[in-house]
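Asks: Could you have a look at this structure, given as structure tokens, before my questions?
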Amino acid sequence: MKNSRILVTGFRPFQGESINPSEILLEWIKKDFSIEHGIDTLLLPVSFTQGPAVLREQLSTKVYDVILLLGQAGGRSKVSLERVALNWIETETPDEDQQIPRQGAIEEGIESALFSPLPLSEWKEKLVKMNLPVEVSLSAGGYVCNYVYFQTLRNLQKDEITSKTCFIHVPYLPEQVVDKGNTPSMELETMKSILRVILEQCLGG
Ligand code: PCA
């Protein structure tokens, strides 16, 4: 993947949080990586209609080799490399437009899940050897992240575009869990170390 064109996306804060670690990571990538390596960044609304639409608009202007979608998965203790996007939505949490979509398949009559084409196991092995807390996850949940992930993989499939996509969920930051009992969290520096390695892999390093 030498000289890859890369897009990284993150999400705005949601569900009463004042920050979303994926937005903070996006700011860091913008500052430290984007000029030297030509990485594009895009912040998405936590909206079932607007999230995929904003991303689709960006993808209509430029073809990327790699698209890394970042989001927060509160309650997890490791950075999760999401192997699959489920063709399913199931949530009781309204999005930022106050919409709760009906439970069920995102698109009838096609696969129940779409898989990331990126080498997630290789990335995990490399990161675990460096003592960094990473796992491969088999569910991106039933909310906006999974929806955006599924729609992105599906649109690329329909448009026969070869961009390689994966979703990466990150835990809460320590400042988000002070009032949340024993909920796990992760230091921003650890998340950055993990993403740095993944970006280097994507850039052909
Ligand atoms: N996480 C949510 C949506 C936005 C975000 O950062 C999710 O996991 O669906």
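Asks: Please report the antiparallel percentage of the DSSP beta bridges confined to the chain, to the nearest 5. All intermediate terms of the calculation are to be shown ahead of the outcome.
Replies: Values: 7 of 27 bridges.
The antiparallel proportion sits near 25 percent.
Asks: Using a 1.4 Å probe on the protein heavy atoms, what percent of the accessible area of the range 59-111 belongs to carbon and sulfur? Before the final figure, lay out the partial values.
Replies: On the way: 1220 of 2690 Å².
Roughly 45 percent, rounded to a whole number.
Asks: Taking only the alpha-carbon atoms of the chain, what semi-axes of the equivalent ellipsoid follow from 5 times the gyration tensor eigenvalues under a square root, in whole Å, largest first? Please list the in-between numbers first.
Replies: On the way: eigenvalues 105, 98, 53 Å².
With the √(5λ) rule applied to the chain, the semi-axes are 23, 22, 16 Å.
Asks: How many lysine pairs are close in the chain, with Cα atoms under 16 Å apart and the two 8 or more places apart or on different chains?
Replies: Close lysine pairs found across the chain: 10.
Asks: Oh, and also: Could you work out the mean projected area of the convex hull around the alpha carbons of the range 113-178, in square nanometres to one decimal? Don't jump to the answer; show the numbers that get you there.
Replies: Numbers: hull surface 23.2 nm².
Mean orientational projected area (the range 113-178, Cα hull): 5.8 nm².
Asks: Same structure, new question: Points 7 angstrom from Cα along the Cβ direction at THR61 and GLN99: gap in nanometres?
Replies: Here the answer is 2.3 nm between the modelled labels.
Asks: Further question on the same structure: At 222 nm, what value in deg cm²/dmol follows for the chain if DSSP H runs of at least 4 each add -39500 (n - 2.57) and the sum is divided by all its residues, to the nearest 500? Don't jump to the answer; show the numbers that get you there.
Replies: Numbers: 6 runs with 68 residues, N = 205.
That calculation yields -10000 deg cm²/dmol at 222 nm.
Asks: What is the dipole size for the chain, taken about its Cα centre, with +1 at each Lys and Arg Cβ and -1 at each Asp and Glu Cβ, in debye to the nearest 20?
Replies: Numbers: 20 positive and 27 negative charges, 111 e Å.
In debye, rounded to 20, the chain gives about 540.
Asks: What per residue convex hull volume, in Å³, do the alpha-carbon atoms of the range 1-103 yield? Could you put the intermediate results ahead of the total?
Replies: Numbers: hull volume 13.6 nm³, N = 103.
Dividing the Cα hull volume of the range 1-103 by its residue count gives 132 Å³.
Asks: I need the fraction of alpha carbon pairs in the range 64-141 separated by more than 17 Å, rounded to a whole percent.
Replies: Working: 1757 of 3003 pairs.
More than 17 Å apart: 59 percent of the Cα pairs in the range 64-141.
Asks: Apply the a/c threshold of 1.5 to the C-alpha gyration tensor of the range 94-205 and tell me whether it is rounded, prolate or oblate. List each step's numbers first, then the result.
Replies: Working: a/c = 2.36, a/b = 1.18, b/c = 2.00.
The shape class here is oblate.
Asks: A further question follows. Read phi for every residue in the range 188-195 and hand back ³J(HN,Hα) as whole Hz from Karplus 6.51 cos²θ - 1.76 cosθ + 1.60, θ = phi - 60°, with x for Gly and Pro.
Replies: 4, 4, 5, 4, 4, 4, 5, 5
Asks: Determine how large the accessible area of MET186 is when every protein chain is in place; take a 1.4 Å probe and give Å² rounded to the nearest 10.
Replies: 10
Asks: Work out Dmax and Rg for the range 7-57 from the C-alpha atoms and quote the Rg first, both in angstrom.
Replies: 11.6, 35
Asks: By what distance, in whole Å, do the Cα atoms of the range 158-205 stretch along each of the three principal axes, largest value first?
Replies: Reported extents, whole Å, longest axis first: 46, 29, 12.
The values are calculated or read from the model by the stated rules, or taken from the named source; none is laboratory data. Quick caveat: nothing in here was measured; it's all calculated off a predicted structure. Neighbour counts run over all protein chains shown; Cβ positions are idealised from the backbone, glycine included. In case anyone asks, the SASA skips ligands and DNA or RNA and just uses the protein heavy atoms, side chains included. Shrake-Rupley method; radii C 1.70, N 1.55, O 1.52, S 1.80 Å.
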